[in-house]
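*Asks:* I have a structure here, written as structure tokens, and I will follow up with some questions on it.
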Amino acid sequence: MVKTSKLKRFFIIIGVFIAILLLIFIVYQLAFNPYRGTTDKYVEPLALEDELTEKQVLKDMDYTIKMLRSHHPAWLEKDNAKVQAVESEYKNQRKQVLNDETDSYTTLDEWRIISKITNKLNDGHTGCLYKSDNNRYIEDVTQVEEYGVPTEINGTSTDVLLDDFRELFSYEREEYLKELFKDVIQNEAYLKLLKVDTNEGVTFTFDTETGSKEYHYNFVPYEQIKGIENSEDEDWVYYDLDVDNNMAVFTVKECNYDEHYKNTLDSFFKEVNDKDIDNIVVDLRGNGGGNSYVADEFLSYLDIDGYNTWACAIRYGAYLKKYDASYTKINKKPDAFSGDIYVLTDLNTYSAAMDFAMYVADNNIGKIVGEASGNMPNSYGDVLRFVTPNSKLFLRVSFKKWYRIDESKADLPIEPDIPCDPKDALNVTRDLICN
């Protein structure tokens, strides 16, 4: 009888323990998990011309501000002026919708409204995007690549369009905004966002050495664009050895931390050591980011004792947890690389790719060649993905705050040690190594 009673108490204790763990898990998922309410599935948005009621637009606006308030670190920072600007813009836009005589809006209208709200945050990782499988683009990008941004689109100055875009896109650096503008004007959806009439195609006017030139474009799916340099079949990580010039180039177009990356990196360093190459060039131009562990993996092959990492703050529900900067020790490999490191960057070196460059720059591991990164080291990041309830627009929201490793340069982008036109960065580096 005593034995049965003890066994009964044992199972009660175990049951209570499991119930407490289950309760903690549920509370965490509902209140503290940063990923609560997010989606990893692709959802096709409504067509830009599809109509929404006033009630539906207001619901999507309310959903947007709710996700910002409940997930973005800025809302837990004291007296954050940008948060105040977002809240003020949200109230203004909501008031305008309520006072507007019409009850009918398009997806395009709502996209502009929400973009004006998120724009005030100046967070390059937070904003409202139109991601559709049906997006179309100008049929030929050859002229944009050759001449740059046109002076006019359908007779409207691109300076005027850029001013409008400046109020719709959340960005950290003006230089990056202008670089991105060159890309978005090739996308029909974004031209519509900028109120360009695309019903009969679009006409770009360029200033060239031989005078003003006009080109008219129709819109086509991405795979039909003429003038796209990079093939979809081209690998995103690869390397080339230039033994004659005592250099090896490791190109990373995306920061994907997977077996393919790790295997390619391992093979790269083995060949570098086998051929006694003393100079490594890491090409991060055009790399929009991804997983910052690609940099950690690369550094593990170097002849260094370790490296400093950055501090960060992560939002868990109503709490913002600060993690201090630290030092990561390296267990050196027997054949650790002890030569010189050069990293090529441009304005499109962004997010995790920018972090890669920061590791090298702020730990004095190597030299940066090209132009400054597109976003700031002191910034928000790590994106949560949401979809607005009615329009199905794609909403990105940061849930972390990052702090630059070298605090003395907290307000600066990752600037090059050797500034040059990023298109010439590899040649400039080769000349530097050879001389």
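*Asks:* Among Lys270, Lys213, which is the only one that is more than 27 Å from Asp431 (Cα to Cα) and either in contact with a Phe, Trp or Tyr (Cβ under 7 Å, 6 or more places away or on another chain) or modelled with pLDDT of 95 or more (or both)?
*Replies:* Lys213
*Asks:* Further question: Among the residues of the range 120-130, is any out of contact with any helix residue (DSSP H, G or I) (no Cβ under 8 Å at 6 or more places or on another chain) and modelled with pLDDT of 95 or more?
*Replies:* Within the range 120-130, one or more residues are out of contact with any helix residue (DSSP H, G or I) (no Cβ under 8 Å at 6 or more places or on another chain) and modelled with pLDDT of 95 or more.
*Asks:* Of all residues in the range 305-331 being surrounded by fewer than 16 Cβ atoms within 10 Å (Cβ to Cβ) and of a type in the set (Val, Ile, Thr), which is farthest from the chain's Cα centre (by Cα)?
*Replies:* My answer is Thr328.
*Asks:* Being modelled with pLDDT under 95 and surrounded by 15 or more Cβ atoms within 10 Å (Cβ to Cβ) is the requirement here; does Ile228 meet it?
*Replies:* Yes: the conditions hold for Ile228.
*Asks:* Among the listed residues Ala248, Ala295, which satisfies the condition of being among the hydrophobic types (A, V, I, L, M, F, W, C), modelled with pLDDT of 95 or more and assigned to a strand (DSSP E or B)? Break it down stepwise before answering.
*Replies:* Working: Ala295 fails: assigned to a strand (DSSP E or B).
Only one candidate qualifies: Ala248.
*Asks:* Glu254 - would you say it is closer than 30 Å to Val196 by Cβ and acidic (Asp, Glu)?
*Replies:* The answer is no for Glu254.
*Asks:* Just checking, which of Asp411, Asp382 is over 21 Å from Val249 (Cα atoms), within 15 Å of the chain's Cα centre (by Cα) and at pLDDT below 95?
*Replies:* Working: Asp411 fails: within 15 Å of the chain's Cα centre (by Cα).
Exactly one of Asp411, Asp382 is over 21 Å from Val249 (Cα atoms), within 15 Å of the chain's Cα centre (by Cα) and at pLDDT below 95, namely Asp382.
Here's the yes/no breakdown for (1) part of a loop (DSSP other than H, G, I, E, B); (2) within 23 Å of the chain's Cα centre (by Cα); (3) more than 30 Å from Tyr137 (Cα to Cα):
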position: Asp207; (1), (2), (3): no, no, no
position: Glu214; (1), (2), (3): no, no, no
position: Ile228; (1), (2), (3): yes, yes, no
position: Leu241; (1), (2), (3): no, no, yes
position: Tyr257; (1), (2), (3): yes, yes, yes
position: His260; (1), (2), (3): no, yes, yes
position: Thr264; (1), (2), (3): no, no, yes
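*Asks:* Take the range 140-158 and flag every residue that is of a type outside the set (Gly, Ala, Ser), assigned to a strand (DSSP E or B) and under 13 Å from Lys195 (Cα atoms).
*Replies:* Passing the criteria: Ile153, Thr156.
*Asks:* Tally time: how many residues in the range 168-177 are outside any loop (DSSP other than H, G, I, E, B), under 24 Å from Ile113 (Cβ atoms) and over 15 Å from the mean Cα position of the chain (by Cα)?
*Replies:* Step one: of the range 168-177, the residues outside any loop (DSSP other than H, G, I, E, B) are 174-177.
Narrowing the set further to residues that are under 24 Å from Ile113 (Cβ atoms) leaves 174, 176-177.
Filter once more, keeping what is over 15 Å from the mean Cα position of the chain (by Cα): 174.
Of the residues in the range 168-177, 1 are outside any loop (DSSP other than H, G, I, E, B), under 24 Å from Ile113 (Cβ atoms) and over 15 Å from the mean Cα position of the chain (by Cα).
*Asks:* One residue is enough: does the range 336-355 have a residue meeting the conditions assigned to a loop (DSSP other than H, G, I, E, B) and over 30 Å from Cys420 (Cβ atoms)?
*Replies:* No: the range 336-355 contains no residue that is assigned to a loop (DSSP other than H, G, I, E, B) and over 30 Å from Cys420 (Cβ atoms).
*Asks:* Next question, about the same structure. Given the structure, is Thr208 modelled with pLDDT under 95 and touching a helix residue (DSSP H, G or I) at 6+ places or on another chain (Cβ under 9 Å)?
*Replies:* yes
*Asks:* I'm told Met67 meets every condition in (1) surrounded by 14 or more Cβ atoms within 10 Å (Cβ to Cβ); (2) touching a helix residue (DSSP H, G or I) at 6+ places or on another chain (Cβ under 9 Å) except one. Can you identify the failing condition by its number?
*Replies:* Against the list (1) surrounded by 14 or more Cβ atoms within 10 Å (Cβ to Cβ); (2) touching a helix residue (DSSP H, G or I) at 6+ places or on another chain (Cβ under 9 Å), Met67 comes up short only on (2).
The values are calculated or read from the model by the stated rules, or taken from the named source; none is laboratory data. Remember, predicted model here, so these are calculated numbers, not experimental data. Every residue, glycine among them, receives a Cβ derived from its backbone with ideal geometry; neighbour counts consider all protein chains shown.
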